[in-house]
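Values in this text are rule-based calculations from the coordinates and carry no lab data. None of these values were measured; they are calculated from a predicted model. Cβ atoms come from the backbone with ideal geometry, glycine included; neighbour counts cover every protein chain shown.
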Amino acid sequence: MIFTLLIVLLYRIGANIPVPFVNITEALDTSGGNILTYFSMMTGSAFNYGTLFALGVTPYINSSIIIQLLGVAIPAIGRLEKEGEEGRKKIAAITRYLTIGLAVLQSVAYYFYIKNTNSDYLAPTEGTFAAVFEAIVIVICFTAGSALVMWLGEQINDRGIGNGISIILFAGIVSRIPTLIGSLWQYFTRGGVFYALSPIVLVCFLLMIAFIVWMDNAERRLPIQYAKRVVGRKMYGGQSTHMPIKVNMSGVLPIIFASSILSIPTTVQMFVNVEEGSFWEKFFNVFSSEHWPYAIIYFVLIIFFAYFYATIQYNPVEMANNLRKNNGAIPGIRPGKSTSDYIGKIINRVTLLGALLISVVALFPILFQLGTKAGGLDMQISMGGTSLIIVVGVALETVKQLESQMMMRHYKGFLD
């Protein structure tokens, strides 16, 4: 635990170290609901100030998702996932290389963005060589910071309590909580209706945390009956157990996918001059978080990506075949195709329920902001549903890791 806390401390120090030639005295504006808002949330606002860890764990998370999707599309990668420890090591190496590649691309994009946004963010240069040298140093520093964050996460996995990348992501998001509390206090000091509205927001956040905990632990249990079989002089099987299917089987990924897709138009709008009152202005407004159509499209995309991810993660035919190989069966369901159809039907129902539940968490801050804006209050919340799901999910997973560590140490000491 002490080692993990030291790694988290190093991460927070690196998140405040400025990169050479970058002088962002004022934070970048990431409130437009575009891809920059996503980066700011994932890095704990380090992205806003151009620090060493401005990219955070985003390249690693993106590369992990890409490799996971390629495992379905490319059979060679899918076979590596089934080769045990050696296969996992090869996939981890591929993920690292892909992380560096994505970090380079994002570093270059970040450099050009801060250069085009405000030239005062970069140190003044004279001559082409100096400008190129400045760009190379900035890109290398951002890339190295991303690689260092990935290494810190792996150190937590090897020597800490595990779940390293998630803990680093957790630390970045939690660092925004003081900003949230400060915003609520500012609203509270305004007086009037905000006297009642600010405590209501705080209570809603606490209720959402409890709701996420309940949702994360909820599962649908399919009863499994194993047939008796005799091996030598011993009898095996005859047990009744269950197959757990988590209600929120896809976690926060549908929200991340949906928000990433919706951020593309607003990101394009940053580089395009749109005339007021034109068709393109109305088009881009549809994808702005300040308008109601955004919430509707967001909801539909969350449902879609929840089913998409469940299709990748769960294969009913393979699950039915594994049951038959182990002499297991679902009571009242014939083995084979009937079992796979039944499991598929259950997964579809659970996926829909889980998608609806995470939609409630993801859409609440957006709907709350739209409602207050319609009432002339325009109360903005700096922490959204995505952040809450990540924070609560990582906290629950960390508690399980600690419990397993304590149990393992206890048993080891007892046996000695």
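With respect to the cross-link table entries Lys115/Lys373; Lys246/Lys345; Lys345/Lys400; Lys246/Lys373, which display a Cα-Cα separation exceeding 26 Å?
From the list (Lys115/Lys373; Lys246/Lys345; Lys345/Lys400; Lys246/Lys373), the Cα-Cα distance tops 26 Å for Lys115/Lys373; Lys345/Lys400; Lys246/Lys373.
Relative to the longest principal axis of the chain, what angle (0 to 90°, nearest 10) does the C-alpha long axis of helix 58-73 take?
The angle comes out near 40 degrees.
Given that compact globular proteins tend to follow 2.2 N^0.38 Å, what is the ratio of the alpha-carbon Rg of segment 1-173 to that value?
My calculation over the Cα atoms of segment 1-173 gives 1.11.
Take Thr241 and Thr179, extend 7 Å from each Cα along the Cα→Cβ direction, and tell me the distance between the two endpoints in nm.
4.6 nm
Can you give the net charge of the other residues whose Cβ lies under 14 Å from the Cβ of Gly336, counting K and R as +1 and D and E as -1?
Residues close to Gly336 contribute a combined charge of +2.
So between Leu367 and Ala144, what do we pick up on full extension, going 0.36 nm a residue minus the alpha carbon distance?
Gain on stretching Leu367 to Ala144: 76.4 nm.
Between Tyr195 and Trp151, what length comes free when the chain is fully extended (0.36 nm per residue of separation minus the Cα-Cα distance, one decimal in nm)?
Working it through step by step, the gained length comes to 11.3 nm.
Note the angle between two axes, namely the Cα long axis of helix 177-189 and the longest principal axis of the Cα atoms of the chain, as a number of degrees from 0 to 90, rounded to the nearest 10.
Tilt relative to the chain: about 60 degrees.
Please report the net charge: other residues with Cβ closer than 13 Å to the Cβ of Arg220, K and R +1, D and E -1.
For residues surrounding Arg220, the net value is +3.
Taking H placed 1.01 Å from N in the peptide plane, check which residues at least 5 places from Ile224 or on another chain put their amide H under 5 Å from its amide H.
Thr241, His242, Met243
Mind checking Rg over Rh on the chain, alpha carbons, Kirkwood formula for Rh?
Over the Cα atoms of the chain, Rg/Rh equals 1.01.
On C-alpha positions alone, give me the angle between the axis of helix 316-325 and the longest principal axis of the chain, in degrees, nearest 10.
Relative to the chain, helix 316-325 is tipped by roughly 30 degrees.
Size of segment 1-72 along its principal axes in angstrom, Cα-based, largest extent first?
45, 38, 21
State the extension gain, in nm to one decimal, for the chain segment bounded by Ala131 and His291, taking 0.36 nm per residue of separation less the distance between their alpha-carbons.
Taking Ala131 through His291 to full extension adds about 53.5 nm, to one decimal.
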